[in-house]
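The values are calculated or read from the model by the stated rules, or taken from the named source; none is laboratory data. Worth saying up front: this structure is predicted, and the values here are computed from it rather than measured. As a convention, Cβ positions derive from the backbone with ideal geometry for all residues, glycine included, and neighbour counts pool all protein chains shown. Surface areas here come from the heavy atoms of the whole protein model, side chains and all, with no ligands, DNA or RNA. Shrake-Rupley method; radii C 1.70, N 1.55, O 1.52, S 1.80 Å.
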Amino acid sequence: MIGMIVRRILQLTFLLLGISFLVFMSMHLAPGDPATVIGGPNATSSDLEAIRDKMGLDRPVLVQYFDYLGGILQGDFGYSYQTNQAVTEAIITRFPTTVKLAVASMVVAVLIGIIAGIISARKQNSWVDVTSTTFALVGVSIPNFWLGTILILIFSVNFQLLPVGGLNSPFYTFEGMKELILPAITLGTASAALIARMTRSSMLEVIRSDYIRTAKAKGVRKRPLIWVHTLKNAMIPVLTIIGINFGSLLGGTIVTEQVFAINGIGRLMIDAIAARDFPIVQGTVLLIAAIFVVVNLIVDIIYTLIDPRISYD
Amino acid sequence: MSAVTETEKNINTEKKTTNRFVEVAKSLMKNKLSLIGIIIITLIVLVAIFSPIITSYGPYEQNLERTKLGVGSEGHFLGTDNYGRDMWSRIAHGAIISLLVGLSSVGIGLFGGIILGLLAGYYRKLDSIIMRFVDLLFAFPGILLAMLIIAMLGTSLVNVVIAISIWSIPGCARIVRGSVLSIKNQEYIQAMKTVGASDLRILLKHVLPNCTAPLIVYGTMRMATAILSTSALSYLGLGAQPPTAEWGAMIAAGQDFMWDAPHISIIPGIAIMLTVFAFNVVGDGLRDALDPNMDVNN
Amino acid sequence: MMRLKKTISLLFLLMTVLLLFVGCSNSESSSDGNNGEGAESDNEGAFEVTYATTSDAAGLSPIDTNDSVSSNVTYQVYETLFKQNPDTLEPEPLLADSYENPDENTWVIKLKEDIEFHDGTPFNAEAVKYTFDQLKDPERAAPRASLLAPVESIEVQDEYTVVLKTKEPYGPMLAALSHTNAAIVSPEADKEGDINKEPVGTGPFVFESWEEGNQITLKRNENYWQEPAAIEKVTYKIVPETSTAISMLETGEVQFIDQIPSDHINRIESLQGIEVQKTEGTRVSYLGFNMEKEPFNDLKFRQAVAYGVNQEAYVSQLNDLGVYSESIIGPKVFGYDEEAKSAGYEFNPEKAKQMIKENGYEGQEITLLAANRDNYLKMAEIVQSQLSDMGLNVSIETMEWASFLDVARKGDFDMTFLGWANSTADGSELLYPNLHSDNIGASNRVRFDNSEFNQLVDESRTSVDQEVRKEKLHEANLLAIETAPWVVMSHGVVTLGYDESIEGLVVDPTGMWSLYPVTRK
């Protein structure tokens, strides 16, 4: 187990190296020039030359890449082309906000998803099941930005219960919680629906599997025991989905942060892509990738804990 | 060889394949929800095929004097959009585009994902390298991946499909691998190995069928995500080219009129929802039907 | 079957509920729209104002930035030597006291005395020289260095007199000196710190803090050289989504927004307690041809397209946020003359079809390149439909902004849409960057190269006689309208939506607004 963790962390380094190369190359090969964005539509050719020269954008791409890598080795992730802010600083100030949002929506998603899934599975084809299935389907079919806007119109504008935008207060304060509710629901709904569906189908699978049948046939009358077993075994695909979903959740923050005017990593990234602010794009992508890998490493570790048949060594 | 078939017979509850198909179809039909799903899909496909006949306006025909007409307006029973284009016509013509986008991107994604997942789960040596590759795909936020692909290849529906399929691969690969891992050490698989069954045979005949249930659920849910992703991409300005009548793009374009003409985004939204609903209940039905251990109406 | 019905009806029920909610909020909002808890609507307490902007400022130094969001902040913190009078369009002294031209190439500018920067540094000729030297310094790579490109030397004559010398007469000098990017910065602050992060100017507001990506705050300059402003604190909140910003305006989380998109104007106008201001602006939006490519280099083809595009129909979709005129130089820009208004090619579908047929352009494949922001997609969709009716085979290619700027600069397109927000409101600043052959490969995206036109624009730039300049600009304008490298789509209308509790907020034709005169009702 320890060996596995160490190995995976080592692999993470190579993964990040691969990603940084891919991102660097694709950003430089894609059309769009940071100098034209900084210069704006009315910059002249000589203005643009001067900007490129100042930022070293006129050097060969590979030279720029190795220069960048060299910087990272010394803990220097570069400076934003746009604001000249250090990339690490830009990320550190926004990171807690995104984590707050992602965790809150994951909590929403897992709570609603697993509970709805279990109820559905236990009462298969009952009206409860149909209702929760319907809601799950509606949930995955609503675009994020659309749901967010509707929620704002209903709860903030119409009923004036919750603030429209921003995540500025600490989450443990009343204000902070109020701010967090709508974005977390917006971001968590799709995942909740997916988790509910996964839990349901996975539970049904296990209920019908031989050993539960055998257990029942053998007269294990302790229903709770059976449910615990079922749940435990049904959680493997559910965990996979949660792990996988964390990735799209991080991606989803891009849209959610946009709608709710939240100053997080997603918006930092999308703005940076739009402005071809390469150092910021690099930094945010590497961060998101690293988080993702770590979350999935944790998922894999939980696998082995739940199901001893799975081993990685 | 005979030993292999022998073993298969012993461990398999399957009957003959012809019977099997009929059986699956039968149990699908018995499940009322999936029956409805099939009907909805059939209707959507029919609408898609006959869209030129059943609409009286072209999907790209503008009328700037009759914009944002509501549902039930004269001559436009679903109203018109912000350029005075007939909503019904756009929905009908959009059906084929959205179905194709959904099916092709999920199809490509599943195909790639299954191969990677099977290999990774079954062959210990490949596991690490494949899964790291999958992680690489995964760790790349989907929207960013799409943005990069589209920035490099240009905005077009085909590139949108490519981007969305790539981002279905890792999820599918992980599910398949997860299932393979929990199956491959079970006694009967080990038994087959000892009697000399080829890996390919084991993978395709015994391991893969065990992944079908989660894959069908994942695939049908993914259909939803795929069609919806086009909408998120359009919201960020990377979706289908206007004026293409693609449902996702229509929702995103209608976002600006949520205030004075909400039907422009709600109608394509309902269209997507119905499609997603249909695929999901059929997916559920299929899963139940494919599962030999269950009786349909419990 | 029961379950099925339930499912379906549930689906629709949900949609109906959502619709109802939207409907409700639509009607009810008018009754209790603006009762936010904000202290700013009370007459007690500090006078604070919050403004929502769709994107963050790139920086807060006038030397190092060139975008409207940054300008909105720097405009309150820094001041320029001259300032354009929005009514007469003539530059008037601001930090300058007076000026004279001993000869055509020399500008002697007297400065106002006893003005201090926010850090206590005195404002004087040295500060002006320092600022302009920085703006021109290639090392600094100022995005708007071109503003002062014709200036050869900047000399300090005495404490409050600065002398600018040009190689050739520079007509738009005063317009250039009125440009927000030519605002004067504190030399001390710039040498010792980063004014792009902590700006120091002479303006009515002092920088307080900048939480990047979230908000910028300014506070009143108590030692302002004129009466201090009424507003005590200003917050610029970054809200990327327009409909969110409008919701915030409705709930009182923000007090004003600008640049309202035409698709949202109806909603704002329906809100109670919110005032909307619309003023004709200097911005012009156009359909441009790639003048180096067949068949777009053919005047006949461009005329046919010009006849075939119905701008009135486009403008009618803007909810009064656009004005149609065939003139390239807009009514609010120096160099405009009524005569140019109808000097172009009025919509005439018959003639367009006929010309397309006669010249063998039927079925001609055209790709319209459109950036996916502002109104460019709307223009593209409408023009695509109109030109298709004329017998051309038109498709649209959309691109996000950065790619678009790159592609358009390289001239890699057939026809495209773009706008020009003229921040000096001077015709030379429109015609020279966009249509003069000097700027092909940069801001002259349509690659228009016409020696007669170049000459006229050069003359408008090298004359210091405003009457002559106006004359030359008008001639150049007529020539460009006739040659049609551009087909004008509309001239802009600048907007503000603000809480009725504030008064005195006025938006200039250039889209700028000053918070200095704003008071509480």
Put +1 on the Cβ of each Lys and Arg and -1 on the Cβ of each Asp and Glu in the protein assembly as shown; which of A:Ala261, B:Val22, A:Pro60 then has its Cα farthest toward the positive end of the dipole?
B:Val22
Over segment B:30-290, what relative contact order in percent results from Cα pairs under 8 Å that are six or more residues apart?
25
Hey, any idea what the orientation-averaged projected area of the convex hull of chain A's Cα atoms comes to, in nm²?
21.1
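Going by the alpha-carbon gyration tensor, a ≥ b ≥ c the square roots of its eigenvalues, is chain C rounded (a/c under 1.5) or, if a/c is not under 1.5, prolate (a/b greater than b/c) versus oblate?
oblate
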Taking the Cα centre as origin and putting +1 on Lys and Arg beta-carbons and -1 on Asp and Glu beta-carbons, what dipole magnitude results for segment B:30-290, to the nearest 20 debye?
1160
Over both sides of the A-B contact, add up the buried accessible area with a 1.4 Å probe and give it to the nearest 100 Å².
5200
Which whole-Hz couplings ³J(HN,Hα) result when phi for each residue of segment C:184-199 is put into the Karplus expression 6.51 cos²θ - 1.76 cosθ + 1.60, θ = phi - 60°, listed in order with x for Gly and Pro?
8, 10, 6, x, 4, 4, 5, 6, 8, x, 10, 6, 6, 10, 10, x
Ignoring any ligand, DNA or RNA, what whole percent of the accessible area of chain C comes from carbon and sulfur when the probe is 1.4 angstrom?
44
Integer Hz, Karplus 6.51/-1.76/1.60 couplings in order for segment C:155-168, x for Gly and Pro:
10, 9, 8, 8, 3, 10, 10, 10, 10, 9, 10, 10, 6, 10
Gyration tensor (alpha-carbon) shape descriptor, segment B:30-290, a/c threshold 1.5:
prolate
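Let me confirm one metric for peptide C:245-253, namely the mean number of other chain beta-carbon atoms within 10 Å of its residues' beta-carbons.
Mean partner shielding for this stretch: 5.
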Among B:Ala213, C:Gln311, C:Gly419, whose Cα lies farthest out toward the positive end of the dipole of the protein assembly as shown, if unit charges sit on the beta carbon of Lys, Arg (+1) and Asp, Glu (-1)?
B:Ala213
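What is the protein assembly as shown by shape, rounded, prolate or oblate, if you read a ≥ b ≥ c off the alpha carbon gyration tensor as root eigenvalues and call it rounded for a/c under 1.5, prolate for a/b larger than b/c, and oblate otherwise?
prolate
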What net charge do the residues around C:Ser463 carry, taking every other residue with its C-beta under 11 Å from that of C:Ser463, with Lys and Arg at +1 and Asp and Glu at -1?
-3
What is chain C's relative contact order, in percent, from Cα pairs under 8 angstrom and six or more apart in sequence?
18
Give the residue list of GluC sites (Glu not before Pro) in segment B:50-141 that are DSSP loop and have at most 10 other beta-carbon atoms within 10 angstrom.
B:Glu65, B:Glu74
Using 24 Å as the Cα-Cα cut-off, could you pick out the over-long pairs in C:Lys278/C:Lys378; A:Lys178/C:Lys521; C:Lys300/C:Lys332; C:Lys83/C:Lys129?
A:Lys178/C:Lys521; C:Lys300/C:Lys332
Candidate cut points under chymotrypsin sites (Phe, Trp or Tyr not before Pro) in segment B:31-79, DSSP loop plus at most 12 other Cβ atoms within 10 Å of their own Cβ, are B:Phe77
Amide H within-cut-off set for A:Asp33, under 5 Å, with H built and near neighbours excluded:
C:Asp406
Whole-Hz ³J(HN,Hα) from phi, Karplus 6.51 cos²θ - 1.76 cosθ + 1.60, for segment A:195-202, glycine and proline x:
5, 4, 5, 5, 4, 4, 5, 5
Mind listing the long-range amide H neighbours of C:Thr50? Cut-off is under 5 Å, sequence gap 5 or more, other chains count too, H placed in the peptide plane at 1.01 Å from N.
C:Thr235, C:Gln255, C:Phe256
Please report how far the C-alpha centroid of segment B:102-150 lies from that of segment B:255-274, rounded to the nearest whole angstrom.
33
Hey, can you grab everything whose amide H is under 5 Å from the amide H of C:Val206? Only 5+ residues off in sequence or another chain; H modelled, so Pro and N-termini drop out.
C:Lys219, C:Arg220, C:Asn221
Tell me: how much accessible area in total is hidden between C and B, 1.4 Å probe, Å², nearest 100?
2800
Whole-percent carbon and sulfur share, accessible surface of chain B, 1.4 Å:
66
If a helix is a whole DSSP H run, which ones in chain C reach 24 Å or further along their own axis (Cα) and hold a mean Kyte-Doolittle hydropathy of at least -1.0?
C:2-32, C:466-483
Taking the dipole about the Cα centre of segment B:30-290, with the C-beta of Lys and Arg at +1 and of Asp and Glu at -1, give me whichever of B:Trp247, B:Ile115, B:Leu103 is farthest to the positive side.
B:Ile115
In the protein assembly as shown, what percentage of the DSSP-assigned beta bridges are antiparallel, given to the nearest 5?
75
Mean residue ellipticity at 222 nm from the helices of chain C, using -39,500 (n - 2.57) per DSSP H segment of n ≥ 4 over the full residue count, to the nearest 500 deg cm²/dmol?
-9500 deg cm²/dmol
Summed side-chain charge close to C:Lys112 - residues other than C:Lys112 whose Cβ falls under 11 Å, Lys, Arg +1, Asp, Glu -1
-3
Cβ neighbours within 10 Å, averaged per peptide: list B:259-267, C:501-509, A:196-204 in order, most packed at the top.
A:196-204, B:259-267, C:501-509
At the nearest 100 Å², what buried accessible area, both sides summed, do you get for C and A when the probe is 1.4 Å?
4700
From other protein chains only, count the Cβ atoms within 10 Å of every residue's Cβ in C:368-376, then give the mean.
1
Would you mind giving the mean number of other chain beta-carbons within 10 Å of the Cβ of each residue in C:133-146, as a whole number?
4
If we count every other residue with Cβ under 11 angstrom of A:Thr253's Cβ, Lys/Arg +1 and Asp/Glu -1, where does the sum land?
+2
Please compute the contact order of chain A in relative form: average sequence separation of alpha-carbon pairs under 8 Å and at least six residues apart, divided by the residue count, as a percent.
26
Expressed per residue, the solvent accessible area of chain C in Å² (1.4 Å probe) is about 37
Residues of type lysines that B:Lys30 reaches as a straight line, Cα spacing below 29 Å, ignoring anything fewer than 8 places off in the same chain
A:Lys123, A:Lys216, B:Lys9, B:Lys15, B:Lys16, B:Lys205, C:Lys5, C:Lys6
Roughly how many Å is it from the Cα centre of segment A:1-30 to that of segment C:192-242, as a whole number?
42
